[in-house]
Amino acid sequence: MRAPRGLHLDYVSLAEYRAARWPDVLGVARFNGSPPIADGAERGIPVAQVSTPLLTATADLYEVWRGGEPAESGQYERVRFRRTGETLFGCIAMTEAECAQAVGHTSRGRRSGTHSALHEATTEAYRQICATLDAETYPHLLRVWNYLPDINRDSHGCERYWQFNSARQDALRASGRPLTGNVPAASALGAASDSPLVVYFLAGRTAPAFVENPRQVSAYHYPRQYGTHSPVFSRATLLRQPGGFTLFISGTASIVGHRSLHVGDIAAQTRETLANIEALLGEANRVSSPEAHFCLAALACKVYVRRPADLPVIQAELNSALGDSARVIYLQADICRQDLLVEIEATGMCPLAAA
Ligand code: 3EB
C-alpha cells in the first residue's frame, strides 16, 4: 500500500463495495433495507446494523470507514472492533430486553430498580466501549454515533433521550473521562421500536482538537429544560493524522443559542442547520489553516429526516447550498427534540501531501 492516507469515509452501494475490494476497511454501518455484507463474517469487519430506513433511490447503502493502512480485528466483551496503529472503529448493540434482567424484577414482574432498561443498556454499552478503549489503548473518543429506539417516547417520568443522556454521562464519568470540553463529536437519533440500542464509534491514539459553534450554547452546557443531565458531545472534532485531517461534524440542527428555531418550517430549519455547519467550518479552518481548508460542498453529509414527506424541500435546500454533485445520503429518523424536523451530520477529509 502507498503512504498513509488518513481516515476516509465513503457511502456506497453493495455492488460498489464489492467492486472496490478495499484492503483497509475499518468498519461499516449498514442501514435498514440494505442486505448484510458477507465481509463482516469473512474478514472480521465490524458492521453496525442501524435501524433507520434509507430515503434515497438506491435500495442499499453502506457507510464505509477506511484507515488507509492494514488493519486487524478484535472483540472485547460485546464490542466488535477493527484497528490500525492510529485509529479504532468499534460497534456494539444492546437490547433493552437483556438489560431488563439487570434492572431487576419483583416476583410480580415489576421493576424494582430505579432506572429504565434503556438507561441500563446505555450504561452497559458505554461501560464496554470505555473498557475496550482502555484495554486496546486508544484513549481518545473522536466520534460516536448513537441510535436509540423510540427516542421521543416518555417512560419513567421523562423522555427516553433524557434517560440515554443521564446514563451516557454517568458511564463516561465512571470511566474517568471528561464531561465538558474534551468530549467527542456525536449524533443521537431515533431508530425502529423493536431495535437494540446501537452505538458505533471511532477512537484514536492522538487527541483531536475540539470545536464549538459560536452560534450555539455548547450541548454540555444546555440549561436543565433540555434534561437533568446534559448531552456529552462537542459540536465537532478535528483530527490531524500523518495522512491528513478529518473533521467530524456532530449531528447539527436548527438550534441557535439553546433554542430550536423555525418550528414547523422545514426549509428554514434546513437553512439554519447549514448556517450552523458553515459556522463550524469557519472555526475548524482557523485551527487547520494553512495546512487544510474545509468547505461545505466537499463534505460527506448524512441527513436525518423526521417526516419522509419533507424530503423534497430538504433536498432542494441542500442542492442549492452544496451543488448537485455533493455526497449526501438521506435517512428517516426521529430527532432528539420533538420540534426539530431535520438534522445533518458531516465529515470533511483533507489529505496531506506526503512529505
Ligand atoms: C442538538 O444540537 C441536536 O446527544 O449525542 C445532536 C448531536 C444532538 C448529538 C447527542 C444530540 C447529540 O442538541 C441533537
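The values are calculated or read from the model by the stated rules, or taken from the named source; none is laboratory data. Quantities reported herein were computed from a predicted structural model and do not represent experimental measurements. FYI the Cβ positions are ideal-geometry reconstructions off the backbone, even for glycines, and counts take in every protein chain you see. Protein only, heavy atoms only, side chains kept; ligands, DNA and RNA dropped before computing areas. Shrake-Rupley method; radii C 1.70, N 1.55, O 1.52, S 1.80 Å.
Quick look at the numbers
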item	result
Over segment 113-231: Rg over Rh, Cα atoms, Kirkwood Rh	0.95
Segment 236-355, accessible surface, carbon-and-sulfur percent (1.4 angstrom probe)	54
More than 14 angstrom apart: percent of Cα pairs within segment 302-355	58
Phi to ³J(HN,Hα) by Karplus 6.51 cos²θ - 1.76 cosθ + 1.60 over segment 182-193, Hz, x for Gly, Pro	8, 10, x, 5, 7, 9, 9, 10, x, 8, 4, 4
Cβ charges +1 (Lys, Arg) and -1 (Asp, Glu), total dipole of segment 10-104, debye	100
HN-Hα J in Hz across segment 224-235 - Karplus 6.51, -1.76, 1.60, θ = phi - 60°, x for Gly and Pro	5, 5, 9, x, 5, 10, 5, x, 9, 7, 8, 5
Highest-fluctuation residue, 250, 320, 193 considered, GNM on the chain with Cα pairs under 10 Å	320
Average accessible surface area per residue within the chain, 1.4 Å rolling probe, Å²	40
Förster radius 35 Å - calculated FRET efficiency between residue 320 and residue 38, Cβ distance, rounded to 0.05	0.35
Vicinal HN-Hα couplings computed from phi for segment 14-24 (Karplus, 6.51 cos²θ - 1.76 cosθ + 1.60; Hz; Gly/Pro x)	4, 4, 5, 4, 5, 5, 5, 6, 4, x, 10
Gyration tensor (Cα) of segment 1-99, equivalent ellipsoid semi-axes in angstrom	22, 19, 11
Kirkwood hydrodynamic radius of the chain, Cα pairs, Å	20.5
Amide H within-cut-off set for residue 150, under 5 Å, with H built and near neighbours excluded	191, 193
Overall Cα dimensions of segment 197-258 - principal axes, largest extent first, Å	42, 30, 18
